[in-house]
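Below is one structure, written out as structure tokens; comments come after it.
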Amino acid sequence: MTDAEIIAMADEALAAEFELDPGQMTPEARFREDLDLDSLDAVDMVIVLEKTFGIKIGRDPAIMNIRTVDDMHGYIIAKKREIEKA
């Protein structure tokens, strides 16, 4: 799976789950300030990403550093690469 495919899948899954306009899913978009997602939505976001990519995020401390859509993309890409190496 390419990085572009991962990005497209993540954006599509989150846009569908949170009823966002896919055009809002720009790399610099901040989840709280720009997309109006709160801490409860963050929990749902983790679940959606786990299901979409077949990964386990759980209580990974790195998830706390995700503020923008680009941060999320980088996190998912790194997780997928980690799994592929294993």
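The values are calculated or read from the model by the stated rules, or taken from the named source; none is laboratory data. Quick caveat, the model's predicted, so the values are computed rather than measured. Here Cβ is always computed from backbone atoms with ideal geometry, including for glycine, and neighbour counts include all displayed protein chains. Accessible surface is based on the protein model in full, side chains and every heavy atom, while ligands, DNA and RNA are left aside. Shrake-Rupley method; radii C 1.70, N 1.55, O 1.52, S 1.80 Å.
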- [ ] Any chance you could count how many residues in region 13-31 are in a loop (DSSP other than H, G, I, E, B), at pLDDT below 95 and under 18 Å from residue 74 (Cα atoms)?
- [x] 1
Open item on the list: Residues that are part of a loop (DSSP other than H, G, I, E, B) and hydroxyl-bearing (Ser, Thr, Tyr): does region 63-73 have at least one?
Closed with: no
- [ ] Mind counting the residues in region 64-86 that are of a type in the set (Gly, Ala, Ser) and surrounded by fewer than 16 Cβ atoms within 10 Å (Cβ to Cβ)?
- [x] 2
Task: In region 2-12, residue surrounded by the fewest Cβ atoms within 10 Å (Cβ to Cβ) [restricted to those that are of a type outside the set (Gly, Ala, Ser) and closer than 14 Å to residue 74 by Cα] - done: 2
- [ ] Give the residues of region 32-50 that are closer than 17 Å to residue 63 by Cα, open to solvent by less than 90 Å² (accessible area, probe 1.4 Å) and assigned to a loop (DSSP other than H, G, I, E, B), sorted by residue number.
- [x] 37, 38
- [ ] Please specify each residue of region 51-63 satisfying the condition of being open to solvent by 50 Å² or more (accessible area, probe 1.4 Å) and modelled with pLDDT under 90.
- [x] 59
